[in-house]
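To start, the structure itself, in structure tokens.
The values are calculated or read from the model by the stated rules, or taken from the named source; none is laboratory data. Because the structure is a prediction, the values reported are computed rather than measured. Backbone-built Cβ (ideal geometry, glycine too); neighbour counts: all protein chains shown.
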Amino acid sequence: MKATLLPGPPELGPPVSWLHTVWVSAPHDEPVEWYDELDVLRRSIRCVRRFRDGSVKADSYASPDWRSEMPDQPIPPLEEINENPDFVAKEISKQEFEVAWEGAARGMKD
């Protein structure tokens, strides 16, 4: 039986924006805070998810489970996200994203 090869990760552009989103009424087992590093097409390059219990998860296309963890669609524009009263999104600086990314990476190593 011949194995089926799955396509690799998408070709992403360089990061051009960073986003922080809060899911106000996220279920307990879902992330409440989302940090995303985005390319010009608003595809997530790296992401951090923070849960209500304080645990964090960092993912990128270098992660072994990227197929199940990375967003498979571009992130909508801020205006569209904020139209839903269950979400509050804002652009953040690269430095703010890096703090979240490094904190999540340290948390994963403990």
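Given the residues Leu41, Leu78, Leu19, which is the only one that is closer than 23 Å to Gly8 by Cα and either among the basic types (Lys, Arg) or touching a residue at least 12 places away in the same chain (Cβ under 8 Å) (or both)? Explain how you work it out, then say what you get.
Details: Leu78 fails: closer than 23 Å to Gly8 by Cα; Leu19 fails: closer than 23 Å to Gly8 by Cα.
Result: Leu41 is the single residue among Leu41, Leu78, Leu19 that is closer than 23 Å to Gly8 by Cα and either among the basic types (Lys, Arg) or touching a residue at least 12 places away in the same chain (Cβ under 8 Å) (or both).
Looking at the structure I just gave you, is Tyr35 of a type in the set (Ser, Thr, Tyr), more than 26 Å from Leu6 (Cβ to Cβ) and touching a residue at least 24 places away in the same chain (Cβ under 8 Å)?
Values: of a type in the set (Ser, Thr, Tyr): yes; more than 26 Å from Leu6 (Cβ to Cβ): yes; touching a residue at least 24 places away in the same chain (Cβ under 8 Å): yes.
Against the criterion (of a type in the set (Ser, Thr, Tyr), more than 26 Å from Leu6 (Cβ to Cβ) and touching a residue at least 24 places away in the same chain (Cβ under 8 Å)), Tyr35 qualifies.
Could you say which residue among Pro74, Pro85 is part of a loop (DSSP other than H, G, I, E, B) and modelled with pLDDT of 95 or more? Let's see the steps before the verdict.
Working: Pro74 fails: modelled with pLDDT of 95 or more.
From the options Pro74, Pro85, the qualifying one is Pro85.
Do we find that Val99 is at pLDDT 95 or above, surrounded by 12 or more Cβ atoms within 10 Å (Cβ to Cβ) and not in a helix (DSSP H, G or I) in this structure? Don't jump to the end; show me each part of the working.
Numbers: at pLDDT 95 or above: yes; surrounded by 12 or more Cβ atoms within 10 Å (Cβ to Cβ): yes; not in a helix (DSSP H, G or I): no.
No.
Residues of segment 23-41 being farther than 19 Å from Glu98 by Cβ and not acidic (Asp, Glu), which ones? Give the steps one after another, and end with the answer.
From segment 23-41, those farther than 19 Å from Glu98 by Cβ are 23-30, 32, 40-41; that's our starting set.
Selection gives Trp23, Val24, Ser25, Ala26, Pro27, His28, Val32, Val40, Leu41.
May I ask you to say which residue of Asp86, Asp36 is touching a Phe, Trp or Tyr at 6+ places or on another chain (Cβ under 9 Å) and surrounded by fewer than 11 Cβ atoms within 10 Å (Cβ to Cβ)?
Numbers: Asp36 fails: surrounded by fewer than 11 Cβ atoms within 10 Å (Cβ to Cβ).
Of Asp86, Asp36, the one residue that is touching a Phe, Trp or Tyr at 6+ places or on another chain (Cβ under 9 Å) and surrounded by fewer than 11 Cβ atoms within 10 Å (Cβ to Cβ) is Asp86.
Across segment 81-105, what is the number of residues that are in contact (Cβ under 8 Å) with a residue 24 or more places away in the chain and among the charged types (D, E, K, R)?
Pass one, segment 81-105, residues in contact (Cβ under 8 Å) with a residue 24 or more places away in the chain: 81, 85-94, 96-97, 100-101, 103-105.
Okay, now just the ones that are also among the charged types (D, E, K, R), so 86, 90-91, 94, 96.
Counting residues in segment 81-105 that are in contact (Cβ under 8 Å) with a residue 24 or more places away in the chain and among the charged types (D, E, K, R) gives 5.
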